[in-house]
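The values are calculated or read from the model by the stated rules, or taken from the named source; none is laboratory data. Here the structure is a predicted model, which means the values were calculated and not measured. Because the Cβ atoms are built from the backbone with ideal geometry, glycine has one as well, and the counts that use them run over all protein chains shown. Quick note on the areas: whole protein, heavy atoms, side chains included, nothing else; ligands and nucleic acids left out. Shrake-Rupley method; radii C 1.70, N 1.55, O 1.52, S 1.80 Å.
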Amino acid sequence: MAADLAAGGPALPADGPGLLVGGPPVDVTALFRQHYAGLVRLAVMLVGDRPTAEDVVQDVFARLHARRDRPAPRGDQLAYVRTCVLNGCRSALRRRAVVHRFGGSRAPALELPHESAEHEVIQAEGRRQVLAALAALPQRRREVLGISPGTVKSTAARGLAALGRALGEES
């Protein structure tokens, strides 16, 4: 328990029932591709929100990746990873309880993000498309300094119309 807090994340179990150290290295990539979504669902059931659940599962896979050259436990590697996720969820719940117990009355509650990491990636892609469309506009349509207000309005309107066409939007 203290090792979890000191290391900044869930400790990976050393030996457990039926898990003897010395097996082949864990194939982290295959485990991630096959079981990530299910592990996140498990973590959501335990911690109650998707962003924290995604963080826990990603931390477990990051720690497994850092240990990839070490021998893995023999036995069911998915069970090993599930145990790591459960330990990570317990640590997250402990941290949450400590914040609630000692910091709840003096400090405002932590504002948890409402969107998942995938949603953030989709938004970032949309911003990238808008910036690319802006870069494709002629300099005159992007430039507004030193121009009279009427010229700015008409140039901005033409620029927005061109951006809308470039992004496939209807006016």
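When segment 59-68 is filtered for residues that are out of contact with any helix residue (DSSP H, G or I) (no Cβ under 8 Å at 6 or more places or on another chain) and not in a loop (DSSP other than H, G, I, E, B), the ones remaining, listed by number, are ALA62, ALA66.
Looking for something closer than 24 Å to GLU118 by Cα, in a helix (DSSP H, G or I), at pLDDT 90 or above and open to solvent by 40 Å² or more (accessible area, probe 1.4 Å) - is there at least one such residue anywhere in segment 23-30? No.
So which residues in segment 74-92 are within 16 Å of ALA53 (Cα to Cα) and open to solvent by 70 Å² or more (accessible area, probe 1.4 Å)? Those that are within 16 Å of ALA53 (Cα to Cα) and open to solvent by 70 Å² or more (accessible area, probe 1.4 Å): ARG82, ARG90.
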